[in-house]
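Worksheet for the structure shown next.
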Amino acid sequence: MRVAFQGDRGAYAESAIAEIWRHPVEQIPVPTFIGALRAVDEGEADACVIPVENTIVGRVEAGWQALAAYPAMRTVGEAFIPVRHCLLAPKGATLQGLVAASSHPVALAQCGRFFETHPWIKPSKSFDTGGAARDIAERNDPTHGAIASSAAAELYGLVVLEEGVQDRRDNHTRFVAVVAERSRLWRRTHAIRGAISVERDDPKQIAEATRELLGQIVERNWLQLDEVVSVFFTLTHDLTMAFPALAAREMGWVDVPLLCASEIPVPGSMPRCLRTLVQVELRAPRPLDTHIYLRDAVSLRPDVAVK
């Protein structure tokens, strides 16, 4: 999953991405909000996050204008990110020695009280909080600082001269995640097929196979248990010694509806085979590895089986 955001490494948008997508994604920094949406529209990114509202400044107009330029996009999630601005500077710099502090215009607007009480420090506009921190680190001028997150300070090797320079302690920014309508990533409900074989009709083997199959479905699709809606198991007629649902319960799937059934005994079909259909509703859009076939069941779907 590739997710674009306006800014540079260390921007608050990275926290929004981490909040919306709980699994690893490729984060793609771009200079502008329009650029982030264009990346999605042109297929260079699967999704992007855009800030639309802040506790102190209200509507983030640039974000809304960018979204209005791409009306075919679908909103698929949101995140409310705490914004705790810090005054960052190169090592050796002092608060009294600063003459300017740069940041995104929206971030500067959130720190009006700080600049009023520190009139010798002049606000300077930058394209992004993380980008401002990076520029200050590269410039290495002890008279110039940046307003950004503590994470940006750690990322770029800067020191924090003062924490919490925003006007309100409860400062938050609301980000929305959007995808292209044609990508169909906006679909949250999916069904994942899986199958695995066992050597004999034995309760332990059935339980082990169930755990292996469900474990692979979860791991390869980056699923969280609360994204699983229900699970339907079937077994061939030569497997009668255990319910796969029991093994799933023992794995902790106690709040997931489970159902077991017997397969149609078609002549020549694979023996000793356990199949499953897992219905999921994703918290955040992402492409799935989908169907999982293991052991001898690989022959059922060689096109999707693990090589």
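The values are calculated or read from the model by the stated rules, or taken from the named source; none is laboratory data. Being a predicted model, the structure only gives us computed values, none of them experimental. Glycine also receives a Cβ, built like all others from the backbone with ideal geometry; neighbour counts cover every protein chain displayed. Remember, those area values only see protein heavy atoms, side chains included, never the ligands or the DNA or RNA. Shrake-Rupley method; radii C 1.70, N 1.55, O 1.52, S 1.80 Å.
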Below 10 angstrom from the Cβ of Ala284, what's the summed charge of the other residues (Lys, Arg +1; Asp, Glu -1)? +2
Grab the Cα-Cα distance for Glu138 and Val266, subtract it from 0.36 nm times how many residues apart they are, and report the gain in nm with one decimal. 39.1 nm
With each pseudo-label sitting 7 Å past Cα toward Cβ, what's the Arg182-Glu78 distance in nm, one decimal? 2.8
Using the Cα centre of the stretch 144-275 as origin and beta-carbon charges of +1 (Lys, Arg) and -1 (Asp, Glu), tell me which of Ala180, Val231, Gly252 is placed farthest towards the positive end of the dipole. Ala180
Just going by the charge dipole of the stretch 89-167, with Lys and Arg at +1 and Asp and Glu at -1 on Cβ, which of Ala101, Gly164, Ala148 is farthest out on the positive end? Ala101
The chain, relative contact order [Cα under 8 Å, separation at least 6], %: 20
Please give me, ordered by residue number, the chymotrypsin sites (Phe, Trp or Tyr not before Pro) of the stretch 92-161 that lie in loop per DSSP and have at most 16 other Cβ atoms within 10 Å. Trp120
When the dipole is taken about the Cα centre of the stretch 249-307, and only Lys, Arg (+1) and Asp, Glu (-1) are charged at their Cβ, what size is it in debye, to the nearest 20? 140
Label-point separation, Leu95 to His172 (7 Å along Cα→Cβ), nm: 2.9
Roll a 1.4 Å probe over the protein heavy atoms and report the accessible area of Asp303 in Å², nearest 10. 110
Which whole-percent values make up P(r) of the stretch 167-307 when all C-alpha to C-alpha distances are grouped in 10 Å steps starting at zero? 11, 38, 29, 13, 6, 3, 1, 0
Please work out the Cα center distance from the stretch 165-238 to the stretch 46-113, rounded to the nearest Å. 33
Using the Cα centre as the reference, give the magnitude of the dipole from point charges on the C-beta atoms of the stretch 42-175 (Lys, Arg: +1; Asp, Glu: -1; all else neutral), rounded to the nearest 20 debye. 340
For the chain, what is the calculated [θ] at 222 nm in deg cm²/dmol (nearest 500), taking -39500 (n - 2.57) for each run of four or more DSSP H residues and dividing by its residue count? -7500 deg cm²/dmol
Can you match percent of Cα pairs over 28 Å apart to one of these, (i) 33; (ii) 39; (iii) 53, based on a calculation from the structure here? (iii)
Please report the net charge: other residues with Cβ closer than 14 Å to the Cβ of Ala151, K and R +1, D and E -1. -3
How far apart, in nm, are the 7 Å Cα→Cβ label points at Glu162 and Arg200? 7.7
Roughly how big is the stretch 119-226's charge dipole about its Cα centre, with Cβ charges of +1 (Lys, Arg) and -1 (Asp, Glu), in debye to the nearest 20? 560
